[in-house]
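Peer 1: Could you have a look at this structure, given as structure tokens, before my questions?
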Amino acid sequence: MLSFLSAGIVLGLSAGFSPGPLLALVISQTLQHGIKEGVKVAVAPLLTDFPIMVVSLLVLTRLANFRTVLGGISLVGGMFVLKLAYESIRTKKLAIALQKTEPQSLSKGAIVNALNPNPYVFWLTVGAPTIVKGWASGPVTAVMFVAGFLGCLVGAKVSVAMLASRSSHLLSDRTYRYLMQVLGVFLLYFGFVLFRDGVNLIGGL
């Protein structure tokens, strides 16, 4: 159970702190309109990720008896997580381009996240398979993974909004680089776990 919660926490923190359009919007809305608007952007994944997660689970349940397909999905998920690990470890600075925006932060955040391919890839290849695997041990285990992931995903972006609103120097490149490198090491571990599961499914072990 704790391993699933740990996986959710690490993956959520990595996704939450990774540079991207949603993080850029969190920072720009905070700097231009205050922390309230930044937090609205930060919670947008709670609106967009649930539908993606449900659809991904429905797809996987129809493939429940196809071990080779599930194994292939797990291998793709492993490659996706290893790609995230590589990008995290190689992070050098927080390169976020700020643009003039108007309020309506929640709707803008939801649109940005819905148009980003990463949530779809994550839930289909990593998130949903992990939920299915956790459910086999009990519903609580699966729920802990989802709660850990979404809680840390949103929490990471909210913390960035708080730092941006209080003092820009707290978002130093060095601190950000070290944080992403530590997360990258953990992501390497979970990526190899997914590879192992994929090989076991395909090999029928």
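The numbers here are math on the coordinates, done by the rules we state, and not lab data. Everything numeric here is computed off the predicted structure, so don't read it as measured data. Cβ atoms come from the backbone with ideal geometry, glycine included; neighbour counts cover every protein chain shown.
Peer 1: Provide the gained length on full extension for the span Arg174 to Lys83, in nm with one decimal, where the gain is 0.36 nm per separating residue minus the Cα-Cα distance.
Peer 2: Working: separation 91, 0.36 × 91 = 32.76 nm, distance 2.16 nm.
Full extension from Arg174 to Lys83 adds 30.6 nm.
Peer 1: Sort Val199, Val112 by Cβ crowding within 10 Å, fewest neighbours at the top.
Peer 2: Details: Val199 14, Val112 19.
So the ranking, lowest neighbour count to highest, is Val199, Val112.
Peer 1: For the chain, with only Lys/Arg (+1) and Asp/Glu (-1) charged at the beta-carbon, what is the dipole magnitude about the Cα centre, in debye rounded to 20? Numbers along the way, then the final one.
Peer 2: Working: 16 positive and 6 negative charges, 60 e Å.
The dipole of the chain has a size of about 280 debye.
Peer 1: Contact order normalised by length for the stretch 2-203, with contacts defined as Cα pairs under 8 Å and 6 or more residues apart; what percent is it? Present the calculation step by step, with values, prior to reporting the outcome.
Peer 2: Numbers: 320 pairs, mean separation 91.7, N = 202.
Computed value for the stretch 2-203: 45 percent relative contact order.
Peer 1: ³J(HN,Hα) across the stretch 135-143 via Karplus (A = 6.51, B = -1.76, C = 1.60, θ = phi - 60°), whole Hz, x for Gly/Pro?
Peer 2: Listing the rounded values in order: 4, 5, 8, x, x, 4, 4, 5, 5 Hz.
Peer 1: Compute the acute angle (0 to 90°) between the alpha-carbon long axis of helix 45-62 and the principal axis of greatest extent of the alpha-carbon atoms of the chain; round to the nearest 10°.
Peer 2: That works out to roughly 10 degrees.
Peer 1: Determine ³J(HN,Hα), in whole Hz, for all residues of the stretch 19-31 in sequence, where each value follows from phi through the Karplus function 6.51 cos²θ - 1.76 cosθ + 1.60 and θ = phi - 60°; x replaces Gly and Pro.
Peer 2: Per residue, the Karplus-derived 3J(HN,Hα) values read x, x, x, 6, 5, 4, 5, 4, 5, 5, 5, 5, 5 Hz.
Peer 1: Of Lys36/Lys83; Lys36/Lys108; Lys40/Lys108; Lys133/Lys157; Lys108/Lys157, which ones are farther than 21 Å apart at the Cα?
Peer 2: Numbers: Lys36/Lys83 33 Å; Lys36/Lys108 14 Å; Lys40/Lys108 9 Å; Lys133/Lys157 28 Å; Lys108/Lys157 15 Å.
Cα-Cα > 21 Å for Lys36/Lys83; Lys133/Lys157; rest within.
Peer 1: Could I ask something else about it? Would you please give the FRET efficiency between Asn200 and Ser137, computed as 1/(1 + (r/R0)^6) with r the Cβ-Cβ distance and R0 = 22 Å, to the nearest 0.05? Don't skip to the end; give the middle numbers.
Peer 2: On the way: r = 16 Å, r/R0 = 0.74.
Result of the calculation: an efficiency of 0.85.
Peer 1: Which value results for Rg/Rh of the chain when Rg is the Cα radius of gyration and Rh the Kirkwood radius based on the inverse mean 1/r?
Peer 2: Working: Rg = 17.3 Å, Rh = 17.4 Å.
Rg divided by Rh gives 0.99.
Peer 1: In nm, what is the difference between 0.36 nm times the number of residues separating Tyr120 and Ser159 and their Cα-Cα distance? Could the numbers behind the result be given before it?
Peer 2: Details: separation 39, 0.36 × 39 = 14.04 nm, distance 2.42 nm.
Length gained between Tyr120 and Ser159: 11.6 nm.
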